[in-house]
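S.K.: Input: one structure, supplied below.
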Amino acid sequence: MKLHHCKHGRVSLCDMLVIITTLFVPLSYASPSFLSETIVTKPRHSRLFKSALQQENLNEQQSDLWTPLVNQGWKPCIDSTSTSLPLPDSSGYIQVFLDGGLNQQRMGICDAVSVAKILNATLVIPYLEVNPVWKDKVVPLTFECQTCTYEKYINHMNTNMTLSCICCYFEDIFDVDHFMNVLKNDISVVRELPDEYAWSTREYYASAIRSTRVKNAPLHASANWYLEHVSPVLESYGIAAISPFSHRLAFDNMSVDIQRLRCKVNFEALTFVPHVRNLGDLLVNRLRFPVVQSDDATGTEYLKQVVDTKGIKGRGKFVALHLRFDKDMAAHSACDFGGGKAEKKALARYRKAIWQGRVLNSRFTDEELRNQGRCPLTPEEIGLLLTALGFKNNTRLYLSSHKVYGGEARISALRKLFPNIEDKKSLASAVERAQINGKASLSAAVDYYVSMHSDIFISASPGNMHNAMVGHRTYLNLKTIRPNMALLGQLFMNRSMNWSDFQAAVVKGQRNRAGKIKMREDKQSIYTYPVPDCVCQQD
């Protein structure tokens, strides 16, 4: 096992934890990745599935499926209501350390900017923790290690990867210059702390209780909470590090300017780095103009002219589909996904290894959960939903998802209904994907970018990606299908329902769920429901 030291030549806390976990972590806990993810599955809804295959090419595609949304009377509105004045003197530096996946971190960044505004503080570019569930490949570092946690090493103990500090930087994912330029009239932002505060690192706060760390921020705290509890820290020390910082700012009872600032960060300031955008553009172009093999003897490739729904030659249309069916989601749900005893045993072992056997909503039966719409849709069920809505089997689907639990066996039913399924690997070469290879956060950023450029987006179940897409696409008035989870759960439990009745129920139940604006209600996220906070009524 090779250990990488920090740049000053000392054995870091990271290296010490590697040694400790090597000696004391049980194999069953250290190696959840070895649990089988290959579960043999058959179509669970064989009656509907067979009918869908038979009628796929007979049904007329609904004429309004690909039609862009009409203007709904709103327009983006992120400018401050106050007059533009020079920024007042800063009260100190605010640091935040963000964990979770890309979309959760994205929301945290927006809240961090808003908290800095509330406190009249200078924001240090947020520090992004690597999500241990995604298992980013570890790259040996040439700079000083700043963060390391026990859990992160557990996920790497029995791999062939080199062990070193796992660091992730804002500028690896987001365009820092653009971020700072967009927000220059709203708050002060610095890339890093001045030398006098260089001691304020993640490692520093992990090693002992520190007076400059604020760790008791409640979920959805008010603006007054920050003024009462964080301002004194800034006054005393000139710096405050807030950790944890996930969902730490309320959505209600905020000033119009703070709400608009959150929208400005999310929808305008956060732009991905150029190589993510370039790869995303390449994928979108190949989805719209598929490369096919020519029939001549030379075997050369050419760009096929795709015929759109109006019969006009030009760019093709595609649906971005987020399956959200990874192992953690399946294990954390008490739902039955049709994999039989083998799947139940595999998920039980995984739950025991990761969460000591705890299961989300375990007090409910599978039937109760489906009636409540709390079971994620399987790839097969998403395929049946799309077919019932009128999508033809030549529709191009882009899978913007992490690894699907069950692998190709789980996706096979969806692929039979929609053979033109693509993802990053099928559309781009290994060379073209080199800069994101093994980096789950960057891979997720590419998926986000492609999904934002799709004609239609749909997710198999609510989650951070679903919520982010619903909000961002609502802000831009783009078509997004929100599955009626409760209705679909009830329909899929009816084993005797014929295709005609199923299709009619789906079409009726999904009416007004393809992008019609839904006003934000109390306690709902502004990032999922940006109306009316992020928009203004058009004249």
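S.K.: Note down the nm distance, to one decimal, between modelled labels 7 Å out along Cα→Cβ at residue 476 and at residue 364.
M.R.: Placing both labels 7 Å beyond Cα along the Cβ direction yields 3.3 nm.
S.K.: What full-extension length gain, to one decimal in nm, is calculated for residue 46 and residue 275 as 0.36 nm per residue of separation minus the Cα-Cα distance?
M.R.: 78.1 nm
S.K.: Classify the range 398-539 as rounded, prolate or oblate from the Cα gyration tensor: take a ≥ b ≥ c as the square roots of its eigenvalues, call it rounded if a/c is under 1.5, otherwise prolate when a/b beats b/c and oblate if not.
M.R.: The shape class here is oblate.
S.K.: Along Cα→Cβ, 7 Å out, is where each label goes; now give me the distance between the ones at residue 177 and residue 252 in nm to one decimal.
M.R.: Taking the simple label geometry, residue 177 and residue 252 are separated by 4.4 nm.
S.K.: If you bin every alpha carbon distance in the range 368-458 into 5 Å steps from zero, what whole percent lands in each bin?
M.R.: Spelled out per bin, shortest first, that is 3, 11, 19, 22, 20, 14, 7, 2, 1, 0.
S.K.: Please work out how much length the chain gains when fully extended from residue 229 to residue 511, using 0.36 nm per residue of separation minus the C-alpha to C-alpha distance, in nm with one decimal.
M.R.: In short, 96.8 nm is gained.
S.K.: For a protection proxy built on the mean count of beta-carbon atoms within 10 angstrom, sort 338-351, 383-396 highest first, please.
M.R.: 383-396, 338-351
S.K.: Using only Cα atoms, locate the centre of the range 214-247 and the centre of the range 433-495, then give the distance between them in Å, rounded to an integer.
M.R.: About 33 Å separates the Cα centre of the range 214-247 from the one of the range 433-495.
S.K.: Test of understanding: what is the full-extension gain from residue 536 to residue 437, defined as 0.36 nm times their sequence separation minus their Cα-Cα distance?
M.R.: Length gained, residue 536 through residue 437: 31.6 nm.
S.K.: If packing is taken as the mean number of other Cβ atoms within 10 Å per residue, what is the order of 450-463, 491-504, highest first?
M.R.: 450-463, 491-504
S.K.: Which cross-chain or sequence-distant (5 or more) residues have an amide H under 5 Å from the amide H of residue 273, H modelled 1.01 Å from N in plane?
M.R.: Here the answer is 174, 175, since their amide H atoms fall under 5 Å of that of residue 273.
S.K.: If you add up the charges near residue 462, with Lys and Arg at +1 and Asp and Glu at -1, over every other residue whose beta carbon is less than 11 angstrom from its beta carbon, what do you get?
M.R.: Net of charged neighbours comes to +3.
S.K.: Determine the shape class of the range 175-215: with a ≥ b ≥ c the square roots of the Cα gyration tensor eigenvalues, call it rounded for a/c under 1.5, and otherwise prolate if a/b is greater than b/c, oblate otherwise.
M.R.: Prolate, because a/c is 1.5 or more and a/b exceeds b/c.
S.K.: Continuing with the same structure: Please give, to one decimal in nm, the separation of the simple spin-label points placed at residue 195 and residue 328, each 7 Å out from Cα toward the Cβ.
M.R.: 4.0
S.K.: Using a 1.4 angstrom probe on the protein heavy atoms only, could you order 233, 506 from most to least accessible area?
M.R.: Most to least solvent-accessible, the answer reads 233, 506.
The values are calculated or read from the model by the stated rules, or taken from the named source; none is laboratory data. Just so you know, these numbers come straight off a predicted model, no measurement behind them. As a convention, Cβ positions derive from the backbone with ideal geometry for all residues, glycine included, and neighbour counts pool all protein chains shown. Just so you know, the surface numbers come from the protein's heavy atoms only, side chains and all, with ligands and any DNA or RNA stripped out. Shrake-Rupley method; radii C 1.70, N 1.55, O 1.52, S 1.80 Å.
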